[in-house]
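Scroll down for the structure; my scribbles are underneath it.
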Amino acid sequence: MTTQSLKKYKRITVKIGSALLVDRSTGLKRDWLASLADDIAALAADGAEILVVSSGAIALGRTILGLGKRALKLEESQAAAAVGQIALAGAWSEELGRKGLKSGQILLTLGDTEERRRYLNARATIGTLLKMKAVPVINENDTVATSEIRYGDNDRLAARVATMMGGDLLVLLSDIDGLYTAPPATDPNAKFLPVVERITPEIEAMAGAAASELSRGGMRTKLDAGKIATTAGTAMIITSGARLNPLTAMERGERFTLFHPSRTPVKGYKSWIAGQLEPAGRLTVDAGAIGALLQGKSLLPAGVRLVSGSFSRGDTVAVLSPEGFEIARGLVAYDAADAVRIAGLKTAEIEAVLGYEARSAMVHRDDLVVSRAGLEYRKEAKG
């Protein structure tokens with residue numbers, strides 16, 4: 001039997017799925033929330049700082065408004081979120097307050113973690129709450145989010161929050177107790193994986209779809225969250241939240257999957273780049289460029305073979321190998337139209353094409369992060 005104590009971790013982000021918090025018929029699951037508050041209080045008493053990323057606003061709001069199980073229009077979802085956010089924040093405040101803990105609500109939109117200035121502002125606010133010994137309760141601001149400007153799941157939001165705050169552990173409480181070699185609901189031969197050293201393409205292939213209609217996520221988004229977290233040096237756990245006291249349940253031997261953090265984590269400014277959810281564009285490069293990047297050099301236009309996407313200077317782009325693997329991610333120094341024009345050119349040829357003295361690098365090394373897949377690509381190349 002494998003057990004897991006969380007006492008060695010000092011800054012823990014806990015993500016809760018909607019189905020754990022909200023019953024479709026009766027609303028908020030008070031007893032479950034109270035048991036989780038017990039776990040949080042125990043960790044806080046041992047000196048840990050706890051951040052909560054809580055789903056459930058739309059699910060709770062639709063129950064309060066009597067909207068039933070039907071699919072909601074965008075404006076109905078936003079209205080349900082507005083009602084649910086008040087109720088959800090009040091419930092967290094009440095249950096944590098019973099344990100002598102203060103709490104504060106933070107509502108984030110996609111831009112609050114993807115735009116650098118807003119990212120720093122959000123980090124400062126959350127950091128101040130932690131200094132004041134308050135538990136930040138964080139959710140996506142579903143009252144204004146649309147499909148074009150939303151995370152779409154709280155797994156990746158939780159990973160962004162955990163890495164933004166320099167956390168050492170992210171716990172995803174879910175309706176499944178960890179990672180299996182295949183979706184266990186459909187494959188009786190699926191094997192449970194207690195430990196994942198790194199998230200490889202083979203691990204990603206094990207992901208299935210969302211297990212609950214209340215959840216926007218699924219194992220795929222959890223593995224996306226894991227890549228964000230572990231790259232920045234944050235360990236991640238996936239475990240079932242269906243039981244009472246789900247955090248201390250791991251100490252009693254209940255199942256979980258532990259994802260080890262990278263041994264060479266990306267920190268600071270580069271962790272923001274590495275954690276960007278969706279790159280604005282993609283640059284496919286040749287083998288020579290890959291070799292240069294893996295040696296810590298900048299990406300020059302000469303090594304770029306294909307430019308795709310609509311991006312502006314300063315946007316995040318993914319750097320792909322000829323086979324389509326993401327080798328790195330960085331802030332591009334050119335708009336997409338100019339990047340297309342100079343792809344494949346030597347530095348001395350760029351000015352004649354653009355008509356002005358241009359930057360030598362397509363992506364400067366100071367604004368570039370090699371991915372874990374990139375490091376694996378280097379190992380395979382050497383092999």
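Starting from residues that are part of a loop (DSSP other than H, G, I, E, B) and at negative phi, keep the ones in segment 340-356 and report whichever is surrounded by the fewest Cβ atoms within 10 Å (Cβ to Cβ). Selected residue: Tyr356. Set side by side, the residues Arg160, Arg98 differ, and just one is touching a residue at least 12 places away in the same chain (Cβ under 8 Å) and closer than 18 Å to Val53 by Cα, which is Arg160.
Being within 21 Å of Pro246 (Cα to Cα) and assigned by TED's automatic domain parsing to the domain that holds Gly241 is a description that applies to Ala41. Kindly list the number of the only condition in (1) surrounded by fewer than 20 Cβ atoms within 10 Å (Cβ to Cβ); (2) free of Cβ contacts under 8 Å to residues at least 60 places away in the same chain; (3) farther than 12 Å from Val370 by Cα that fails for Ala292. So the condition that Ala292 fails would be (3). Looking across segment 318-365, just one residue is of a type in the set (Val, Ile, Thr) and touching a Lys or Arg at 6+ places or on another chain (Cβ under 6 Å), and that is Val353.
Determine whether segment 121-128 contains at least one residue that is under 23 Å from Ser35 (Cα atoms) and not polar (S, T, N, Q). The answer is no, given that none of the residues of segment 121-128 is under 23 Å from Ser35 (Cα atoms) and not polar (S, T, N, Q). Report whether or not Val304 is β-branched (Val, Ile, Thr) and either outside the structural domain of Val363 (by TED's automatic domain parsing) or closer than 30 Å to Thr109 by Cα (or both). No; evaluated as a whole, the condition is false for this residue. Is it the case that Ala87 is surrounded by 16 or more Cβ atoms within 10 Å (Cβ to Cβ) and under 25 Å from the mean Cα position of the chain (by Cα)? No; evaluated as a whole, the condition is false for this residue.
Looking for something crowded, with 22+ Cβ neighbours inside 10 Å and within 24 Å of Gly241 (Cβ to Cβ) - is there at least one such residue anywhere in segment 124-134? Within segment 124-134, not a single residue is crowded, with 22+ Cβ neighbours inside 10 Å and within 24 Å of Gly241 (Cβ to Cβ).
The values are calculated or read from the model by the stated rules, or taken from the named source; none is laboratory data. Note that this is a predicted model, so its numbers are computed, not measured. Heads up, the Cβs are rebuilt from the backbone with ideal geometry, glycines too, and the neighbour counts pull from every protein chain shown.
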